[in-house]
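Read the structure below first, then the notes.
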Amino acid sequence: MKQKLTLFLAALMALTLTACGGQQTESTKQVADESDMAQPQEVIQEGMEPVKADALKDGEYTVTVDSSSSMFQVTSCTLMVQDGTMTAQMTMSGTGYLWVYPGTAEEAAAASEEDYIPFQETDSGEHTFTLPVEALDQGIPCAAFSKRKEMWYDRTLVFRADSLPQEAFAQTALTTAADLGLADGTYQAAVTLTGGSGRSSVESPARLVVQDGRITATIVWGSANYEYMKVDGQQYLPENTGGNATFTIPVAGFDRAIPVQASTTAMSTPHEIDYTLTFDSATLEPVP
């Protein structure tokens, strides 16, 4: 009798282990591996420093989102800052995802469905997801569940601090002409360009004009393939008809990345690309 009981318990344990193993296998099948995904894009730029909610004023702001996957594109995003926390409502380019999860694909597959973030559909049929944001300018893991493939995919998102207006920051890091006591006149300063494919360039130092406390900069690109620039939504046309594209744009200040856009004609069709320009106040020099 004792031997039969022992055999029964052993068989029961084996069945339990098999069942658990089967569930684990099914869960693992829900996680996409490298063979299921396109090559991820690098979205974390050198020199990025995380920006927490306490560095921002409460409010709602339009923010740019960089995604590591071309299959997970955010067409627009509203960042909501309230009482030291941030959430982002992301409008997607398509309707192919049922849920997102603030973590990795493996963590999502092992989590309860109650922890998943479902899509919300707008009046125009677009899908949105509202996701907690730990910090801007920091890689945030976000798992996305494909409706068609029925698998979780790993994505990395970066919510760009340089896309926020200066008034969003509790204490602006911009150094203004008034801060430096700059008299009206012409100056030059080193300027750094980031964004795009990394192959674009602008001449440095750049020529600056200060008048009545306002600063304008002459930006000379490394090619002629730019038809306009935008700063704070205002469009600026090139000053020249030959040679490298040259623009005069307003500059809010120094020592902080300033978001700009430029439309390039180097591709088959014109594309508006996001860049940032940073003017270094330590290199300021008056010029004749």
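The values are calculated or read from the model by the stated rules, or taken from the named source; none is laboratory data. From a predicted model like this one, the values you see are computed outputs, not experimental measurements. FYI the Cβ positions are ideal-geometry reconstructions off the backbone, even for glycines, and counts take in every protein chain you see. Please note that ligands, DNA and RNA were not included when accessible areas were found on the heavy atoms of the full protein model with its side chains. Shrake-Rupley method; radii C 1.70, N 1.55, O 1.52, S 1.80 Å.
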Exercise. At a 1.4 Å probe radius, carbon and sulfur cover how many percent of the accessible area of the range 108-224?
Worked result: 44 percent
For this session: Calculate for the chain the 222 nm mean residue ellipticity that helices alone would give, adding -39,500 (n - 2.57) per DSSP H run of length 4 or more and normalising by residue count, nearest 500 deg cm²/dmol.
Result: -4000 deg cm²/dmol
For this session: Would you mind working out the magnitude of the charge dipole of the chain relative to its Cα centre, with +1 at each Lys and Arg C-beta and -1 at each Asp and Glu C-beta, to the nearest 20 Debye?
Result: 780 debye
Exercise. Once label points are set 7 Å from the Cα along Cα→Cβ at both Asp123 and Asn244, what is their separation, rounded to one decimal in nm?
Worked result: 4.8 nm
Seminar exercise, completed: With 0.36 nm assigned to each residue of separation and the Cα-Cα distance removed, Gln39 to Gln171 gains 43.7 nm
Exercise. For the range 213-283, what is the accessible area per residue in Å² when the probe is 1.4 Å?
Worked result: 47 Å²
Seminar exercise, completed: Kirkwood radius from Cα pairs of the range 179-236 plugged into Stokes-Einstein at 4 °C, 1.567 mPa s, gives D in µm²/s equal to 99 µm²/s
For this session: Relative to the compact-globule scaling 2.2 N^0.38 Å, provide the ratio for the alpha-carbon radius of gyration of the range 83-160.
Result: 1.08
Problem set entry | the range 181-288, Rg to Rh (Cα coordinates; Rh as Kirkwood inverse mean 1/r) | 0.96
Exercise. Cα to Cα, under 12 Å, and not fewer than 8 places away if on the same chain: which aspartates and glutamates meet these conditions relative to Lys230?
Worked result: Glu272, Asp274
Problem set entry | Overall Cα dimensions of the chain - principal axes, largest extent first, Å | 106, 44, 38
Problem set entry | Gain on full stretching of the segment that runs from Glu203 to Thr216 - 0.36 nm per residue minus C-alpha separation | 3.2 nm
Problem set entry | Distance (nanometres) between label positions extended 7 Å along Cα→Cβ at Glu227 and Leu180 | 3.4 nm
Exercise. Hey, what do the phi angles of the range 224-236 turn into as Karplus ³J(HN,Hα) couplings, whole Hz, using 6.51/-1.76/1.60 and θ = phi - 60°, x for Gly and Pro?
Worked result: 8, 8, 10, 9, 6, 10, 10, 10, 6, x, 8, 8, 10
Exercise. Where in the range 122-165 does the amide nitrogen come within less than 12 Å of the point 7 Å from the Cα of Lys52, taken along Cα to Cβ?
Worked result: 134-136
